[in-house]
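K.L.:
Have a look at the structure that comes next, please.
The values are calculated or read from the model by the stated rules, or taken from the named source; none is laboratory data. On a predicted model such as this, the values are computed, not experimentally measured, just so you know. Every residue, glycine as well, gets a Cβ built from its backbone with ideal geometry; the counts of neighbours run over all protein chains shown. SASA here: full protein model, heavy atoms, side chains in, ligands and nucleic acids out. Shrake-Rupley method; radii C 1.70, N 1.55, O 1.52, S 1.80 Å.
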Amino acid sequence: MYDELSDLPSTVLRKVKRETNARPEKGFPQMGRHHYLAWLNNFHKAENPSVYFEIGTESGASLAFARDIAIAVDPVFKLGDNVVRQQSQVHLFQQTSDDFFETGFLNAFEKEIDFAFLDGMHQVEYLLRDFMNIEKHMASDGVIAMHDCVPMSYAAAERDWDKTKTRRWTGDVWKIIPILRTYRPDLDIRVLDLPPSGIVEIRNLQPGNTDLQTAYDEIVEKYVPITLEEFGLAELKNTLKLVQVEEIASFQDEPVAWEIPESPAAHSLKIAIKTPKARRTNPKKIVDHAFARSIADGFLQAGHSVRIDSGYDWYRDTQGTDFDLVLRGRGGYEPQPNIPHVVWAIYPGAKERHEITQEEVSAAAHCFFASELAYEEFSNKGNSNISVLLQGFDPRIMHLPEQDHRADTVFVGSNHFSNTDMRPIIQMSLDAQHNTKIWGRGWTAPEVEPMLQAKYIDNSNVGNLYRGAKIVLCDHMEPMRVGGYLSNRIFDALACGSAVISDHIAGLPDEFKQDVFLCQTSEDFSNAVQTIEAETEAEAAERKERVRSLLQKHSLFVRAKEISEKLLELKTQRA
């Protein structure tokens, strides 16, 4: 464990060893064997956050792990050597966290936070405010980690530090866990057994949620006076639901097993699919786990063995691999010696550092682009190892209905923006006074709330929703829109026979132009709705014929077949 921290100052390493070996008082939660700094280091390597934020920097041991943009807040910095290393930017604010948030720096910074580490004042109301303030600026798939929420003794859990009773003090921030479990049940909370005093890992963040702000005075009045003796140690342990780090993919998971086809092809390959996200399962994002699952099943149908490797598993158990297939969204993949890799650029990085580069294309045996514009750009640079491979749909989920009964306009997607700057297609719908039903997180604006149906819909149910919809709305993040990377939502909706209204994406292929209505204004949106609603029976029949052609060309199983044919060709060339 200490090898990966060996370049930190010796004083920090001594602290790590001392804290890892320390034991809580009898009856208190027992910690595991992986120090929290080792976990932080591993998290940065695996998830590669573009923007990292922390409160409570002190010597800078945690700050040293940041790999790109870092923002650190501490009333009194005591930075040691080797803190600023691979970061592209480091912003230091020597002030309290309350004062920092009042400056409005993060509003002006205009970048979402991917990972935040809160290790500031050890009194619960401070940590609560830090959480409330930073969640507003988090990416919807970001992570907040909080330190020192698992006390090791009653003395350590007191609000004020009595150094005559204990040298190790966590304060009463342990209360944040029952608070969040009570007032924010929507959060995905895991308390990890990392010495010396745990890490609380929080996902499924809702930047627009105001429940804690509304209940803040009530929470402070209720929880600040409570002591751990009054709350009860047994109740605390039950509330913590402590997770052993050995159960987490970042440390001790068994390698992912190869899936073997029932009928292997004559020249069967072993293909390792590298997904953009760090964790093994992420069914909420089609471009991650669900997308990879569909491609994997296509490879199995074509007679090839397959394995799906998330970020934590990218470089593990590589023996026997014929090709790595990198589903390129997030960057950072490093080619493995003696294993050729193929890149499928599904969508460009949302941040500049994740944009696909010429060096990345040159290093790949082949690079597929889910954008004709991107293909043209790299073709003009002289690359011959490239081709176009658009996204697609899973035919098991997305297909035409047996009977056509369509109504409603629907949109599936979370709001990544503020209430005053929401997703473009929904803003057009609102401006056009068109009734749209929405499934997704982060929708808190009063005018949108009547449209919200649920915060989440399982991917397996999206096909049923689209088959019953007359119109499916779609929009793209700016890098996708400008770069001509069609959203998978377009393929899914068209495969189900629905018309699509989308924001204006560059380079829309001709075959989609009759059924995908591009809009830049609310007037464009209204005109598109009128055209769709005025569709005649003959036009509807023509749409069905176009969909049948689409089903033959753009299935993800077809994509898997196209990729495997290219891999076999490459293998023959290398022989």
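K.L.:
Limited to segment 84-99, what total is found for residues that are closer than 17 Å to residue 115 by Cβ and either touching a helix residue (DSSP H, G or I) at 6+ places or on another chain (Cβ under 8 Å) or not in a loop (DSSP other than H, G, I, E, B) (or both)?
P.N.:
Counting residues in segment 84-99 that are closer than 17 Å to residue 115 by Cβ and either touching a helix residue (DSSP H, G or I) at 6+ places or on another chain (Cβ under 8 Å) or not in a loop (DSSP other than H, G, I, E, B) (or both) gives 6.
K.L.:
Would you say residue 558 is out of contact with any Pro (no Cβ under 8 Å at 6 or more places or on another chain) and either within 27 Å of residue 405 (Cα to Cα) or open to solvent by less than 10 Å² (accessible area, probe 1.4 Å) (or both)?
P.N.:
When the stated conditions are applied, residue 558 does not pass them.
K.L.:
If you check every pair at least six apart or on different chains, which have Cβ atoms under 8 Å apart with a residue in segment 133-159 that is open to solvent by less than 10 Å² (accessible area, probe 1.4 Å) first and a residue that is assigned to a loop (DSSP other than H, G, I, E, B) and acidic (Asp, Glu) second?
P.N.:
From residues that are open to solvent by less than 10 Å² (accessible area, probe 1.4 Å), the pairs are 138/112; 139/112; 142/112; 146/119; 150/193; 153/25; 157/172.
K.L.:
Between 357, 409, which is β-branched (Val, Ile, Thr) and closer than 30 Å to residue 541 by Cα?
P.N.:
409
K.L.:
Can you tell me which residue is nearest to residue 24 (Cα to Cα) among those in segment 176-205 that are without any contact (Cβ under 8 Å) to a residue 60 or more places away in the chain and assigned to a helix (DSSP H, G or I)?
P.N.:
Result: 176.
K.L.:
Do we have residue 329 as in contact with an Asp or Glu (Cβ under 6 Å, 6 or more places away or on another chain) and at pLDDT below 95 here?
P.N.:
Criteria not met by residue 329.
K.L.:
When you scan segment 340-459 for helices (runs of 4 or more DSSP H) that lie fully inside it, which ones turn up with 1 or more residues that are out of contact with any Gly (no Cβ under 6 Å at 6 or more places or on another chain) and touching a residue at least 60 places away in the same chain (Cβ under 8 Å)?
P.N.:
424-431
K.L.:
What pairs come out if I take residues in segment 74-87 that are under 15 Å from residue 54 (Cα atoms) and open to solvent by 70 Å² or more (accessible area, probe 1.4 Å) and pair them with residues that are charged (D, E, K, R) and at pLDDT 90 or above whose C-beta lies under 7 Å away, six or more apart or interchain?
P.N.:
Correct list of pairs: empty, since none qualify.
K.L.:
Here is a follow-up. I'm checking my understanding of the structure. Among residues of segment 58-81 that are modelled with pLDDT of 90 or more, within 25 Å of the chain's Cα centre (by Cα) and part of a loop (DSSP other than H, G, I, E, B), which one is farthest from residue 309 (Cα to Cα)?
P.N.:
62
K.L.:
Residues in segment 258-281: is at least one under 17 Å from the mean Cα position of the chain (by Cα), open to solvent by 30 Å² or more (accessible area, probe 1.4 Å), farther than 18 Å from residue 42 by Cβ and modelled with pLDDT under 95?
P.N.:
Yes - at least one qualifying residue is present in segment 258-281.
K.L.:
Quick check on my filter: what residues within segment 88-131 are within 19 Å of residue 66 (Cα to Cα), aromatic (Phe, Trp, Tyr) and open to solvent by 30 Å² or more (accessible area, probe 1.4 Å)?
P.N.:
Once the filter is applied, which keeps residues that are within 19 Å of residue 66 (Cα to Cα), aromatic (Phe, Trp, Tyr) and open to solvent by 30 Å² or more (accessible area, probe 1.4 Å), segment 88-131 yields 93, 109.
K.L.:
May I pose another question? Quick one: residue 226 ticks every box in (1) assigned to a loop (DSSP other than H, G, I, E, B); (2) among the β-branched types (Val, Ile, Thr); (3) closer than 19 Å to residue 31 by Cα; (4) at pLDDT 95 or above except a single one, so which number is it?
P.N.:
The one condition residue 226 does not meet is (3).
K.L.:
If you scan segment 357-376, which residues turn out to be closer than 22 Å to residue 392 by Cα and open to solvent by 30 Å² or more (accessible area, probe 1.4 Å)?
P.N.:
372, 373, 375, 376
K.L.:
Oh, and also: Is it the case, given these coordinates, that residue 50 is under 30 Å from residue 313 (Cβ atoms), touching an Asp or Glu at 6+ places or on another chain (Cβ under 6 Å) and open to solvent by 40 Å² or more (accessible area, probe 1.4 Å)?
P.N.:
Criteria not met by residue 50.
K.L.:
Note down all Cβ pairs under 7 Å where the first residue falls in segment 469-487 and is open to solvent by 10 Å² or more (accessible area, probe 1.4 Å), the second is of a type in the set (A, V, I, L, M) and assigned to a strand (DSSP E or B), and they're at least six residues apart or on different chains.
P.N.:
Matching pairs, first to second residue: 470/407; 470/499.
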